[in-house]
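> Sending over a structure as structure tokens; questions will come in a sec.
The values are calculated or read from the model by the stated rules, or taken from the named source; none is laboratory data. No experiment lies behind these values; they were computed from the predicted model shown. Neighbour counts run over all protein chains shown; Cβ positions are idealised from the backbone, glycine included.
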Amino acid sequence: MSQLKECEQQLRKEAHGAYAHEHQLQKWAKVLKERAAINMWDPKEQRHAHLAGWERELQDGVGDAEAGELLASLAEAGRTDAENEPRKGKTPADSKKLEKDFADQLWELRETIHELRALHKELVGRVRSLRFFEKVRDMQQGSHGSTVEAHTATGLKAVPVADLGILSCCGHMGDMKYLLEKAEKQECPVVDCTAAARESSIVRATELGTDSAMAGGRYGCKLTAVVEKIKSIPAEERVLVFVQFPDLMNKVEEALVAHGIQTLKIKGSAHQMTTAMEKFQREDIGPEDERVLLLELHNESASGANLTTANHAIFVHPLHVGSLYKYVACETQAIGRIRRYGQKKKVHLWRYLAVDTVDTAIYHERSQAQAALEKEREKKKGARNVAL
Ligand SMILES: [Zn+2]
């Protein structure tokens, strides 16, 4: 929940920034009638075209009702924040200076809207994956009855758990027959949901099991692949395995130990952690020594540790973190523990994604967003003077 909250806070902050910039522009545009007609500024409406366009998009629906409501309320909150803020920008008396300030402000607003849009997409993804995880957790905890309300060909009905499916792309539920039927058209049964559901994104509720969920079903395939990968790595090389959730960490450990892979875990008291770390940092490995170190991604206590004795990093799933920045920071930090001064071997990085689940959705969305962001930054470097 906190990951979504973080995204929400950022979005509200960016919306606040966008509206504050717009207020400033509105004030200056009145003085600068002619200059204001240039670029994205609509002098008649006294609005920035992109910001107004974004508002229209929110009104038209963002492809997910729940995320849409959240976005609208955050946009509104950001707008109120901006309105309640004391106006600080003075209007320069010199018209040349005013023109320049106006252009700068316009640029700032454009940049803020870019961020806002990236966060908007991020938030929709987060809402969907959180919904999926919550549904999965509910099923695994067995907190439901023998039937669950879900979408069917004849509307919302109580569906027996045996016939129930959850879409991994958005977390919506339906009866299996109807889900399969809709998946042929790449649709989710929820009318306002634009998630491209496919047959492979349907997770049978019965497949989730309870505690056995990690040992069988789709998680099982992934963990088996991770185990096989570790077994294929030369015996003298060490491996870091990054896991995000504590409950998943236990499952991964269970699977590794069950396959005879000696595993250390960074968990518990400071003393336990230090002992595990020291053991892992020893240069020579005996046949009985642990070759694998399991780490929780958010565990800061181990973040500074030099782990160059390992040269493989395995990410069991993409990072479900609240923002692209955090994603990049997290992954960079994780890789940085082994790819640093003192590393003598070639560093390998392995990412495991279950096909057509939120894993791939998150991973692709993140890498695309990252690429777009980098491209944008490159452009920005040279284009500042040209664009205005
Ligand atoms: Zn859906």
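> Give segment 197-209 a look and list any residue that's more than 15 Å from the ligand (Cβ to nearest atom) and either in a strand (DSSP E or B) or under 21 Å from residue 158 (Cβ atoms) (or both), or say none.
Across segment 197-209, the qualifying residues are 204, 205, 206, 207, 208.
> Go through segment 302-340 and report how many residues are modelled with pLDDT of 75 or more, among the small types (Gly, Ala, Ser) and crowded, with 21+ Cβ neighbours inside 10 Å.
So the count comes out to 2.
> Can you list residue pairs whose Cβ atoms sit under 7 Å apart, with the first residue in segment 180-196 being more than 9 Å from the ligand (Cβ to nearest atom) and the second being of a type in the set (Val, Ile, Thr)? Count only pairs 6 or more apart in sequence or on different chains.
What qualifies is 180/202; 183/202.
> Moving to a separate point now. Name the residues in segment 89-117 that are without any contact (Cβ under 8 Å) to a residue 60 or more places away in the chain and over 35 Å from the mean Cα position of the chain (by Cα), would you?
Those that are without any contact (Cβ under 8 Å) to a residue 60 or more places away in the chain and over 35 Å from the mean Cα position of the chain (by Cα): 90, 92, 93, 94, 96, 97, 100.
> Can you find a residue that is within 24 Å of residue 15 (Cα to Cα) and either modelled with pLDDT of 90 or more or among the hydrophobic types (A, V, I, L, M, F, W, C) (or both) anywhere in segment 133-156? Even if it seems obvious, please write down each step before you answer.
Quick first cut of segment 133-156, residues within 24 Å of residue 15 (Cα to Cα) only: none.
There is no residue in segment 133-156 that is within 24 Å of residue 15 (Cα to Cα) and either modelled with pLDDT of 90 or more or among the hydrophobic types (A, V, I, L, M, F, W, C) (or both).
> Quick check on segment 88-128: of everything there that is in a helix (DSSP H, G or I) and of a type in the set (S, T, N, Q), which residue is modelled with the lowest pLDDT?
Let us first name the residues in segment 88-128 that are in a helix (DSSP H, G or I), namely 95-128.
Okay, now just the ones that are also of a type in the set (S, T, N, Q), so 95, 105, 112.
On the way: 95: 81, 105: 88, 112: 94.
Selected residue: 95.
> Would you check if there is a residue in segment 155-168 being within 21 Å of residue 198 (Cβ to Cβ), among the small types (Gly, Ala, Ser) and in the same structural domain as residue 55 (by TED's automatic domain parsing)?
The answer is no, given that none of the residues of segment 155-168 is within 21 Å of residue 198 (Cβ to Cβ), among the small types (Gly, Ala, Ser) and in the same structural domain as residue 55 (by TED's automatic domain parsing).
> Residue 165 passes all but one of (1) within 26 Å of the chain's Cα centre (by Cα); (2) surrounded by fewer than 20 Cβ atoms within 10 Å (Cβ to Cβ); which number fails?
Result: residue 165 fails condition (2) only.
> May I ask you to verify whether residue 165 is within 16 Å of the ligand (Cβ to nearest atom), at pLDDT below 95 and in contact with a Leu (Cβ under 6 Å, 6 or more places away or on another chain)? Don't jump to the end; show me each part of the working.
Values: within 16 Å of the ligand (Cβ to nearest atom): yes; at pLDDT below 95: yes; in contact with a Leu (Cβ under 6 Å, 6 or more places away or on another chain): yes.
Yes; evaluated as a whole, the condition is true for this residue.
> Filter segment 56-77 down to the residues that are farther than 13 Å from residue 121 by Cα, more than 16 Å from the ligand (Cβ to nearest atom) and among the charged types (D, E, K, R), then identify the one that is surrounded by the most Cβ atoms within 10 Å (Cβ to Cβ).
Initial filter on segment 56-77 (farther than 13 Å from residue 121 by Cα): 56, 59-60, 65-66, 69, 72-77.
Narrowing the set further to residues that are more than 16 Å from the ligand (Cβ to nearest atom) leaves 56, 59-60, 72-77.
So of that shortlist, the ones also among the charged types (D, E, K, R) come out as 56, 60, 76.
On the way: 56: 8, 60: 9, 76: 14.
Once the filter is applied, the top-ranked residue is 76.
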